[in-house]
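A quick write-up on the structure given underneath.
The values are calculated or read from the model by the stated rules, or taken from the named source; none is laboratory data. Source: prediction; values computed, not measured. When we count neighbours, we look across all protein chains shown, and the Cβ atoms used for this are built from the backbone with ideal geometry, even at glycine. Note: accessible area is taken over every heavy atom of the protein model, side chains too, but ligands, DNA and RNA are not part of it. Shrake-Rupley method; radii C 1.70, N 1.55, O 1.52, S 1.80 Å.
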Amino acid sequence: MKRWLYPQQYVTSIYDVDYEQLKQQGIKGLIFDIDNTLVPYHVKEPTQEIVDLIINLKDKGFRITLVSNNTRIRVLRFNQQLKLNAIYNAYKPRRLNLHQAIERMKLKASQVAIIGDQIFTDILGGNRAGIHTILVQPVSEKDEPITKIKRGVEKKIIEQYVKSISQ
């Protein structure tokens, strides 16, 4: 069970990911979750800091896709300025749309990393799809009601994960 729920990396935020190291590991594509990974779920558009990060990552040669369980309207509005490949209503942790993201980037699963804030969607889905998984801390304490329910269990899993890697 641990192999499905544990990320390969756990960092504070998207700004703490070592993208150069990922590149050295052969990662060429990045899948980002939106809500509580990039911005709080109630923020409709990317901040300038996110726009700058995406531009920087694209300049480094990364292919980037947004994959969100949120609605078409939410994802398209958020992506309007970024102009990335984007998949909405993704139903993570199902693998179908993660595989679609990999195909759109014209890469192999081994060349892709997913960056997200939830174990039961982003990390479980990414592990099941065979891609590198990076868990970030949520950018906001506020969550959608369904997500709040899962956070308590996720907290225990994260504690076990941190304990296992520090031994």
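Here are a few things to note about the model shown:
- Whether segment 21-120 is rounded, prolate or oblate, judged on the alpha carbon gyration tensor where a/c under 1.5 counts as rounded: oblate
- Dividing the summed -39500 (n - 2.57) terms of all DSSP H runs of n ≥ 4 by the residue count of the chain sets its mean residue ellipticity at 222 nm at -11500 deg cm²/dmol.
- A 1.4 Å probe run over the chain, with the rest of the protein chains in place, finds 54 Å² accessible per residue.
- Surface share of carbon and sulfur [accessible, 1.4 angstrom probe, percent] for segment 7-48: 47 percent
- DSSP bridge orientation in segment 1-154 - percent antiparallel, rounded to nearest 5: 0 percent
- FRET efficiency, 1/(1 + (r/R0)^6) with R0 45 Å, evaluated for LYS58 and LYS163 via beta carbons: 0.75
- Spatially proximal aspartates and glutamates relative to LYS83 (Cα-Cα < 18 Å; intrachain offsets below 8 disregarded): ASP33, ASP35, GLU45, GLU49, ASP52, ASP59, GLU103
- Too-long pairs where the Cα-Cα distance tops 18 Å, listed order kept, from LYS23/LYS44; LYS23/LYS106; LYS60/LYS92; LYS28/LYS60; LYS44/LYS106: LYS23/LYS44; LYS60/LYS92; LYS44/LYS106
- Percentage, to the nearest whole number, of Cα pairs in segment 1-63 over 20 Å apart: 34 percent
- Among the GluC sites (Glu not before Pro) in segment 40-142, those placed in a DSSP loop whose Cβ has at most 13 other Cβ atoms within 10 Å are GLU141.
- Here LYS58 is the anchor, and the aspartates and glutamates within straight C-alpha reach of less than 13 Å, apart from those fewer than 8 places off in the same chain, are GLU20.
- Shape category assigned to segment 50-90 from the gyration tensor of Cα positions, a/c cut at 1.5: prolate
- Under a model in which nothing but the beta-carbon of Lys, Arg (+1) and Asp, Glu (-1) is charged, the chain shows a dipole of about 700 debye around its Cα centre.
- Signed unit charges on C-beta, dipole axis of segment 1-154, positive-most listed residue VAL17, TYR91, VAL51: TYR91
- Exposed loop sites, defined as trypsin sites (Lys or Arg not before Pro) outside DSSP H, G, I, E and B with at most 12 other Cβ atoms within 10 Å, are absent from the longest region of the chain, namely 1-43.
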